[in-house]
1. Charges at C-beta only: +1 for Lys and Arg, -1 for Asp and Glu. How large is the resulting dipole of the range A:202-251 about its Cα centre, in Debye rounded to 20?
2. For A:LYS186, which aspartates and glutamates qualify as cross-link partners when the Cα separation must be under 19 Å and same-chain residues fewer than eight apart are set aside?
3. Just how large is the dipole of chain A about the Cα centre, in debye to the nearest 20, putting +1 at every Lys and Arg Cβ and -1 at every Asp and Glu Cβ?
4. Taking Cα pairs under 8 Å and at least six residues apart, what relative contact order does chain B come out at, in percent?
5. Is chain A rounded, prolate or oblate when judged by the Cα gyration tensor, a ≥ b ≥ c being the square roots of its eigenvalues, rounded requiring a/c under 1.5 and prolate requiring a/b larger than b/c?
6. So, with +1 on the Cβ of K and R and -1 on the Cβ of D and E, and no other charges, what is the size of the charge dipole of the protein assembly as shown about its Cα centre, to the nearest 20 debye?
7. Using the basic label-point model (7 angstrom from Cα toward the beta carbon), what is the B:LEU257 to A:SER113 distance in nanometres?
8. Given a Förster distance of 41 Å, report the FRET efficiency between A:ALA7 and B:THR348 from their Cβ-Cβ distance, rounded to the nearest 0.05.
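Derivation of every value follows stated rules applied to the coordinates shown; laboratory data play no part. Just so it is clear, the structure is predicted and the values come from calculations on it, not from any experiment. In this analysis, Cβ positions are derived from the backbone assuming ideal geometry, glycine residues included, and neighbour counts consider all displayed protein chains.
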Amino acid sequence: MSDIVLAGVSVAYDGEPVVRDLDLTIASGEWLSLIGPNGAGKTTILRAIARLVSFQGEIRIGGRAVTELSSRDVARTVAVLVQEPQMPAGMTVAQYVLLGRAPHLGYLGKESSRDRRIVRDVVRRLTLEELASRPLDRLSGGERQRAAIARALAQQAPVLLIDEPTSSLDVGRQQSVLELIDQLRKEQELTVIAAMHELTLAGQYADRLALLVGGRLAAVGSAAEVLTEPAIAEHYRAQVKVIQMNGSGTAVVPVRN
Amino acid sequence: MLSIKVGAAAAPPAVLAGMPRLRWGWAGAGLLALAASCGVGVLVGPVHIGVGTVVQTLVGGAVDPGQANILWSLRFPRVVLGVLVGGTLAIAGAAYQGVFRNPLADPYLLGAAAGANLGATLAIAFAPGTSVLGVNVVPLAAFVGAGAAVSGAYALGRSVTGLRSATGLILAGVAIAAFFNSIQSYVQQTQTSSIRQVYSWILGRLVTAGWDDVLLILPYVLLSVVAIYLHRRLLDALTLGEDEVTSLGIPVRRVRLIVVVAATLGTAAVVAVGGTIAFVGIIVPHTIRLLVGRSYRVVIPLSVLFGAAFLVLADAAARTVVAPAELPIGVITAFLGAPFFIAVMRSTRAAAL
């Protein structure tokens, strides 16, 4: 089980509070999208769950407090897709995906044939075989994002944290990346927490949205509940029209008076 | 474009292309280059000694005692020392470049050279010809100086930035090196009688090489090379961003610390017996990156082999070009190395840089 419970979580950078006393529960297999204006603390929450930043309060995954896990155990439980993954020039896609096996190796350990088989399967699953020996610096934006997902998937962690999966992608690639993540979530029974800027997409793919403002939770619920014109006007200072589309989610469209 | 057949269900699992591995061809080429350069190193010298005699000597056959003596007490130890110094400088350079994610990092980055130079200069100027426990004081002083400089840089960098950033450590190294260099220059200028000796030490040489020097540095070199070699996979992981490496469960700081300590130990040891030999730590790993690939699983082992081969050859050149005098080996490594490196960069168009 990989349900996630945040209880009274606060994070401060150099004494400056970024996340304040946050309570949030994410069910196993759920997709929760974190939304909120810039600086609301979305990335920081992801970093706290992956224990990349120290926090106060408690975060439990599958009933176990993350602070009590070794860093390798955290890495076997939580895979992180950062907003702008560093793609070392000259490194091949296969080599990059293989790094995802690191949490399953000893400190000076070497990948076994099982690790290599897992990498091969992940590469196939994301249809990256043709690109396996291509250097990362010669990939397109969409291909890079798929390589990054493959690396995270190779970790075989039940929880996937994603920071802005679609920034710098065109609308078609945004859709295909999110569809891919959603398919993988169902296949591998992943719990997904994604920080997202694009509100319509955030609502379309997530089971629930959590709206963060100034490090606090302003609203949690379905897209229809959270994405309302007054809430967006108040928290984003944006003029929008919210349209309920039959069976296709909630569209948030900027308007100009 | 490369295509991979996705085999039918019955076929054995296809090996995925693009996995990092050291190809036997390159490992073989490295070993061959090392063997060939050792051959050249042993055969070149003022007294002609044939290949047959060398082989006879090695297998314990009957040879002229004079020639056997030249081989055992001069040429063999010198070639072995060249292997140790070259291999260590190259692997330490590759390790520093990986840890600091900086292609210009060399083994002297944290002040090892400045410290060694100061130690050696003090020893040459104020305690010439003395020895401690049967070991010449100059390499000992150089070793201590190198260790002191790097420890100082490390302590300074840690107190300023808490080792969060590699930049703080590098800047601390720069500051310490400048400070040590200024004292070294002062001593060198005021002690005019030893200036020539100091100068020749600084430019690097394997002249005094004997088995003593080899035995003196062997434990440190072995420790350094083995430790770095074992971390080659982790050095690849360090090329990712800080959060990404950490989220893979890799203890980034511990990896950095161990690799830096190992590389520094090796550098301090070889700089103590060879002086500061420029360029090997930069040119050898980068040439391998350009020609073979950037994975540290390839760069680390090949750096040892080709670094050793390169230095043994450079040393052979250093003692023949102006025979019977000798050129400082650092002059040769840069004079031969720079044009070669430029040629490699041009021919590969530096695509991998």
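1. 120
2. A:ASP3, A:GLU30, A:ASP121, A:ASP207
3. For this selection, approximately 720 debye.
4. Averaging sequence separation for qualifying contacts and normalising by length gives 28 percent for chain B.
5. oblate
6. Dipole about the Cα centre, nearest 20: 1060 debye.
7. According to this spin-label approximation, the distance is 3.9 nm.
8. It comes out at approximately 0.15.
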